[in-house]
Amino acid sequence: MSADLSKRLVPDELWRLVAPLLPSFAARPQDGGTAPRDQRAVFTAVVYVLTSGCAWRHLPPTFGTSSATAHRRFTVWTEVGLWRRLHRAVLDELGSGAKWTGPRRSSTRPPFAPKGGIADRAEPGRSRQEGQQAACAVRCSGHPARRRRALKPLILGIPAVRSRRGPRRCRPVKLRGDKAYFSAEHLIWLRERGIVACIARPGTESGERLGRHRWKIERSIAWLFGYRRLTIRYERKGSHFLAFLSLAAALTWYKKLAKLAT
């Protein structure tokens, strides 16, 4: 049963993408130090923590690794940028083997913020900024007042993704956002890069005008919230939360890639 669960969490096709990206582990020639562990078992344990939302100390022993080892390896992999590279590898596979309509971005109210709809008003909490058709870049922002400053780094952080149509694509065609992102500086900056801005105007245009496009955004956010570790931030370090978010994005679009291959 545990073997079947491990196969469902990390199929062979996914492991084929992950294995070349993992840093090599060199055992110490003398006694002592950290003993080598099966890389796939540790990676599967990390995916289980992300999917189930359980605490590290509650990791079942059936995965063949201790909770301390899984957390320590997760920290090492986060420091070397494994999750970002895995995300890009999945995007390359998706872009080269399926129709890819380019990146988009949006933000939405986190599940633990006050109710009242989408976060186009000044609600406290944390937002996830992601893509419409394929989450090409993810970023964490704090208070909504600071989200405006996260727009440029998010757009610049979109990797050059492989495409069947020719050269790699590294920028979106359109950008849709709520009122928190409206400013003359942003409009000029986006226009200079050939990006069409569809951003709600404060006081003159309701954010509901973007409603016909929001179902795709909310659908993508719902896919990410299917990974229970993201529903509430338990990580003390922002880098660890972003690591789980990047891994969730990679797994989400790997599942779409697997469906296209069937």
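Per-structure values
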| read-out | value |
| --- | --- |
| Residue match in segment 141-148 (condition: assigned to a loop (DSSP other than H, G, I, E, B), at pLDDT below 65 and farther than 24 Å from THR252 by Cα) | yes |
| Subset tally (residues that are closer than 17 Å to GLU235 by Cα and without any contact (Cβ under 8 Å) to a residue 60 or more places away in the chain) for segment 55-68 | 6 |
| Count of segment 224-262 residues which are open to solvent by less than 70 Å² (accessible area, probe 1.4 Å) and in a helix (DSSP H, G or I) | 24 |
| Selected residue (criterion: surrounded by the fewest Cβ atoms within 10 Å (Cβ to Cβ)) from residues of segment 56-92 that are small (Gly, Ala, Ser) and within 20 Å of TRP15 (Cα to Cα) | GLY81 |
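The values are calculated or read from the model by the stated rules, or taken from the named source; none is laboratory data. The shown structure was predicted, so the numbers you read here are calculated from the model rather than taken from an experiment. Counting neighbours? That spans all protein chains shown, and the Cβs are built from the backbone with ideal geometry, glycine included. We work out accessible area using only protein heavy atoms, side chains counted, and drop any ligands, DNA or RNA first. Shrake-Rupley method; radii C 1.70, N 1.55, O 1.52, S 1.80 Å.
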